[in-house]
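What follows is a set of notes on a single structure, which appears directly below.
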């Protein structure tokens, strides 16, 4: 798979897509490239915010951890996605923890550089407002799922959202964090979906056999 250039990556992001050449060059010059191995932590909840992160390759999960150690995934960021915008603007600490789900390459746009760009180019702010609105819709849907859907329904929805691949490399622990429940409960939900003929469980992977059956379980 062809990895996009940094310039192409910036142009694919709503914040920067319509920037003129000069501010786009300034943005690109401010980026710091970072590489993380699978399972490596990018930053911890409560730490000072370094800036905005942009995924060029790989996947990163952003999650909260309860005092009891239970995890809730807020976002899985893929190539072209950004995250950690909120503390950039409110000056607070990182609101969640970020961990690489696979070997990943990212770019960090330091907070001071991003704020300076927005000060000079106010049109950038409109893009951030649009993305904040989309993130709010996503979190509202997450609250709805946790409040009103059964675990089996939530797991079926997550599996459908993982893409159209028939074989999904996702662990029950990862599913539990995304569904906001315990691994044992996810195991029972997966067995129920397998009994419906929607999936088949194999060692280390989940085979999607019938996407319609998954949709009907939501």
Output the 0 to 90 degree angle, nearest 10, between the alpha-carbon long axis of helix 123-148 and the longest principal axis computed from the alpha carbons of the chain. 20 degrees
For the stretch 30-149, what log10 I(q)/I(0) values come out of the Debye formula at q = 0.12, 0.17, 0.18, 0.19 1/Å, with one point per alpha carbon and no solvent? -0.46, -0.92, -1.02, -1.13
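What value in Å³ per residue do you get for the convex hull of the alpha-carbon atoms in the stretch 80-123?
Working: hull volume 4.2 nm³, N = 44.
Measuring per residue, one finds 96 Å³ for the Cα hull of the stretch 80-123.
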Report, please, the projected area of the stretch 88-195 averaged over directions, based on the convex hull of its C-alpha atoms, in nm². 9.2 nm²
Equivalent-ellipsoid semi-axes (√(5λ), Cα gyration tensor) for the stretch 149-217, whole Å, largest first? 15, 13, 11
Per DSSP helix of 4 or more residues, -39500 (n - 2.57); summed, then divided by the residues of the chain. What does that give at 222 nm, rounded to the nearest 500? -13500 deg cm²/dmol
Size of the chain as Cα extents on the principal axes (Å, biggest first): 58, 40, 30
Helix 111-120 versus the longest principal axis of the chain: what is the Cα-based angle in degrees, 0 to 90, to the nearest 10? 60 degrees
Fewest first, what order do 167, 147 take by the number of other Cβ atoms within 10 Å? 147, 167
Neighbouring Cβ atoms within 10 Å as the yardstick, rank 85, 202, 78 fewest first. 202, 78, 85
Can you tell me the orientation of helix 151-161 relative to the chain, as the angle in degrees between its alpha-carbon axis and the longest Cα principal axis, to the nearest 10? 50 degrees
Listed highest first by mean packing, meaning other Cβ atoms within 10 Å per residue, what order do 95-104, 60-69, 25-34, 192-201 come in? 95-104, 192-201, 25-34, 60-69
Gain on full stretching of the segment that runs from residue 120 to residue 86 - 0.36 nm per residue minus C-alpha separation: 10.3 nm
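None of the figures in this text is laboratory data; all of them are computed from the coordinates on show. The shown structure was predicted, so the numbers you read here are calculated from the model rather than taken from an experiment. Cβ atoms come from the backbone with ideal geometry, glycine included; neighbour counts cover every protein chain shown.
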